[in-house]
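For reference, the structure is listed below as structure tokens.
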Amino acid sequence: MQLNDQGLLKNKAYIDGKWVDSDSGATFAVVNPATGETIAEVAKCGQAETRRAIEAAEKAQKSWAAKTAKERSAVLRKWFDLMIAHQEDLATIMTVEQGKPLAESRGEIMYAASFLEWFAEEGKRLYGDTIPTHRGDTRLVTIKQPIGVTAAITPWNFPSAMITRKAGPALASGCTQVLKPAEATPLSALALVELAERAGVPAGVLSVVTGDRDDSQAIGHEMTTSHIVRKISFTGSTAVGKLLMQQAAGTVKKVGMELGGNAPFIVFDDADLDKAIEGAIACKFRNAGQTCVCANRILVQDGIFDAFSARLAEAVDSFKVGNGMEDGVVIGPLINDSAVSKVHRLVKAAKASGAKAIAGGEKMDGNFYDPTLLVDVTRDMDIANEEIFGPVATLMRFSTEEEAIDIANDTPFGLAAYFYSRDIGRCWRVSEGLEYGMVGVNSGILSTELAPFGGVKESGIGREGSYQGIEDWVEVKYLCMGDI
Ligand code: ADP
């Protein structure tokens, strides 16, 4: 891989401020999903390396927390500046290991960097309270202190942003962190921590332990059962999130969970059709459909259904599929062949139960999947209940507002929902009726560092981004000051 700054390409783990091989010397391969080529062999770490990283995080935490918020902020701001300066290299690494089109990778680097900028500032605003007293000789005060040593496990679909969304507020508040990036995308994580080191993040404050799929169990187990680690923050599947919560129960750790979704995207008869089509495309097909906030079920009201489905089919047919490094590609590969098989299993099962593909519907060579639009999808089909995580849009028809809300809420998940309507009363009713942590109203995209990202029901616990996103990394301590 050719970069402007070849120093960003790392293949060792980063523990206690040093680049290290795994104890066994073993490595695992990182593969370009567009070409199948191995791009790097990365340190294959496990329990012992994780424990050392945690011990280093403990050693570093007191002095990191003792710095002023402004001092920590200056380091994070420098890290942000370095990310911006190296945007092109970071985006290239991301596209080569993850597959998303280069333009999307550039966008993710800006989005990822924005969390460092934001939390560098928010760290200075972790205010406590003074509370009107219950006794004349006593004063009541709260202060906020960092949780301490924390651990983070991140997914491959946003290889950089999911890291800074956790490490940013953790470091800003005075926590230290041990990070395990996804096995498919460790290079993005290692490049970020190289920049963190250059920005002046001290040894032990942020370590990265890399490993393959099998190692993730040992690494995750050490993180969740360690008495030193006080919080585990996870973004990934609901199944793994539940397992980590169980493991963390033994030491009553704080947990932050950003898990799966099953986003409804509702188009009412009174919607602006052009805007709704544009929103549905952005929401469904970004990152080849591999995001937890992608529209999983598009619900369209009777009166607008035919126009909407015809327009969307035309758009889906026109998408250029290919290697994300090529100009004009809007749909890259899926992350690996099992992702392709899963998407195809859902499409085949839906077709067998009566759904019709009016665009696409087939596997392509390698890890590519033909952008697909299915109509006549019903709520009992697997494709309407499982996260598709691929470039496949499913359309369902409905008649009334109540029916749309009922279908939308008929899932154990509650991450993001979207709807299009020009009726102000309906906008409020539907916004309040949807059992989701985030609702896009006439907007197919809602992620920003300024707003709280997170889910309800089985989609998660806690919020990332916004001022809430740093509150999740501190403890409130109450001081009862008597004998005044
Ligand atoms: P996906 O199926 O999209 O890869 P996962 O939830 O399986 O989503 O993966 C998200 C992250 O969780 C990755 O970093 C992965 O390595 C990690 N992971 C997977 N299984 C475990 C586990 N048993 N313990 C800890 N981490 C795990």
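Things to note:
- Search result, residues across region 200-242 that are outside any helix (DSSP H, G or I) and either within 10 Å of the ligand (Cβ to nearest atom) or closer than 20 Å to residue 157 by Cα (or both): 208, 209, 210, 211, 212, 232, 233, 234, 235, 236, 237
- Test result for residue 115, touching a Lys or Arg at 6+ places or on another chain (Cβ under 6 Å) and touching a residue at least 60 places away in the same chain (Cβ under 8 Å): yes
- In region 179-186, the condition of being modelled with pLDDT of 95 or more and either more than 10 Å from the ligand (Cβ to nearest atom) or more than 21 Å from the chain's Cα centre (by Cα) (or both) is met by no residue.
- Boolean, residue 329 is under 17 Å from residue 287 (Cα atoms) and assigned to a helix (DSSP H, G or I): no
- Members of region 448-466 that are surrounded by 18 or more Cβ atoms within 10 Å (Cβ to Cβ) and closer than 17 Å to residue 282 by Cβ: 453
- Just one residue in the set 328, 324 is away from the ligand (no atom under 16 Å from the Cβ) and crowded, with 16+ Cβ neighbours inside 10 Å; that residue is 324.
- The residues of region 200-209 that are surrounded by fewer than 19 Cβ atoms within 10 Å (Cβ to Cβ) and either among the hydrophobic types (A, V, I, L, M, F, W, C) or touching a His at 6+ places or on another chain (Cβ under 6 Å) (or both) amount to a single one, 203.
- Within region 243-268, tally of residues that are assigned to a helix (DSSP H, G or I) and within 9 Å of the ligand (Cβ to nearest atom): 3
- For residue 422, the test of being assigned to a loop (DSSP other than H, G, I, E, B) and at pLDDT 95 or above is passed.
- Candidates are the residues of region 427-445 that are charged (D, E, K, R) and assigned to a helix (DSSP H, G or I); the one that is surrounded by the fewest Cβ atoms within 10 Å (Cβ to Cβ) is 432.
- Residue ID - farthest from residue 202 (Cα to Cα), chosen from residues in region 31-74 that are surrounded by fewer than 21 Cβ atoms within 10 Å (Cβ to Cβ) and among the β-branched types (Val, Ile, Thr): 35
- Tallying residues that are at negative phi and either among the acidic types (Asp, Glu) or touching a helix residue (DSSP H, G or I) at 6+ places or on another chain (Cβ under 8 Å) (or both) within region 462-481 yields 10.
- Selected residue (criterion: farthest from residue 356 (Cα to Cα)) from residues of region 282-315 that are part of a helix (DSSP H, G or I) and basic (Lys, Arg): 286
- Filter pass, residue 228 being surrounded by 23 or more Cβ atoms within 10 Å (Cβ to Cβ) and in contact with a strand residue (DSSP E or B) (Cβ under 8 Å, 6 or more places away or on another chain): no
- Some residue of region 356-379 being more than 16 Å from the ligand (Cβ to nearest atom), of a type in the set (S, T, N, Q), assigned to a loop (DSSP other than H, G, I, E, B) and more than 23 Å from residue 434 (Cα to Cα): no
- When residues in region 30-49 are screened for being in a strand (DSSP E or B) and among the hydroxyl-bearing types (Ser, Thr, Tyr), 1 of them pass.
- Lone unmet requirement of (1) in a helix (DSSP H, G or I); (2) in contact with a Lys or Arg (Cβ under 8 Å, 6 or more places away or on another chain) for residue 163: (2)
This table checks each residue for (1) surrounded by 22 or more Cβ atoms within 10 Å (Cβ to Cβ); (2) closer than 30 Å to residue 39 by Cβ.
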| residue | (1), (2) |
| --- | --- |
| 174 | yes, no |
| 211 | yes, yes |
| 218 | no, yes |
| 221 | no, yes |
| 245 | no, no |
| 253 | yes, no |
| 258 | yes, yes |
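- Identity of the residue in region 389-412, of a type in the set (A, V, I, L, M) and assigned to a helix (DSSP H, G or I), that ends up nearest to the chain's Cα centre (by Cα): 408
The values are calculated or read from the model by the stated rules, or taken from the named source; none is laboratory data. These figures come from a predicted structure and were not determined experimentally. Note that each Cβ is placed from the backbone with ideal geometry, even for glycine, and that neighbours are counted across all protein chains shown.
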